[in-house]
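Data block below; observations after.
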Amino acid sequence: MSSFKFDVITLCPKAFEIINNLGVITRALDKNLIDVNLHDLRDFGEGSYRQVDDKPYGGGAGMVLKPGPIFEAHESINKFPKSKTLMMTPQGKVLKQKDLLRWSRLNQIIIICGQYEGFDERVRCLADEEISIGDYVLSGGEIPAISIINGLTRLLPGTLGDPDSLINESHNSPLLEYPHYTRPQVFKNMKVPDVLISGNHKDIELWREEQRLKRTYARRKDLLDNGQFSNNDLNNDGE
């Protein structure tokens, strides 16, 4: 099986050194399940100073990434048949788990990381999708790119030791994940729920599903706005 390709266009390639110490990603790299290629935008800069940014037309604060170096960097990447280009920008749609699931069926993700005040508008035509990881602004697209690499890698076959651990995770369904407990049975006067040590697997599954519903209703009621659950289900706030 060929590895999943990540190609990242960035001004800060050293920011990605952390992926060598991130457990899931490191194991996937060691097992050749993924291949992460970093393309330093400065290598495609213009002139003797490798310029990648310039002042914005019309005035304003900050610098804007020039279109030429980004186009050249993107054109230098060998594209696979099932490939998408993502642009990291706070103006993009907010990343959802369903996006990671959808992209996991591809062979390659190309990620363009922004810096400074953003991109020249003409760069946007390179992107199949513009993505944000939340309604806030970071200094660059590197942290969002690492988030995508992490979230997508763990969905690839062979990455996790136990694939079943993905099934009931938060955001893989309309409900958040149920509470987890481990030893000791009592910690600082807080006890593990009796049902979890009862040995009755049917009762445990019922309890877990009930807890997922209660937790979602209490913390992320917006996830339940699809009409999938009855009023009787939703009128319990978890108390």
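The values are calculated or read from the model by the stated rules, or taken from the named source; none is laboratory data. Quantities reported herein were computed from a predicted structural model and do not represent experimental measurements. A quick note on method: Cβ atoms are made from the backbone with ideal geometry, for glycine too, and the neighbour counts reach across all protein chains shown.
Here is how the numbers come out for the structure above:
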| quantity | calculated |
| --- | --- |
| Residue satisfying all of: in region 105-129; charged (D, E, K, R) and surrounded by fewer than 17 Cβ atoms within 10 Å (Cβ to Cβ); farthest from GLY58 (Cα to Cα) among these | ARG105 |
| Residues that are part of a loop (DSSP other than H, G, I, E, B) and farther than 27 Å from SER48 by Cβ, drawn from region 61-89 | ASN78, LYS79, PHE80, PRO81, LYS82 |
| Candidate set: region 1-19, residues that are among the polar types (S, T, N, Q) and at pLDDT 90 or above; chosen: the one nearest to ASN150 (Cα to Cα) | SER3 |
| Top-ranked residue in region 75-90 [being within 15 Å of CYS125 (Cβ to Cβ) and within 21 Å of the chain's Cα centre (by Cα); ranked as surrounded by the fewest Cβ atoms within 10 Å (Cβ to Cβ)] | LYS84 |
| Subset of region 45-69 (residues that are surrounded by 13 or more Cβ atoms within 10 Å (Cβ to Cβ) and either in contact with a His (Cβ under 7 Å, 6 or more places away or on another chain) or of a type in the set (S, T, N, Q) (or both)) | GLN51 |
| Count of residues meeting criterion [assigned to a loop (DSSP other than H, G, I, E, B), free of Cβ contacts under 8 Å to residues at least 24 places away in the same chain and farther than 26 Å from ASN150 by Cα] in region 20-58 | 7 |
| Qualifying residue in region 109-128 (condition: of a type in the set (Ser, Thr, Tyr), part of a strand (DSSP E or B) and touching a Gly at 6+ places or on another chain (Cβ under 6 Å)) | no |
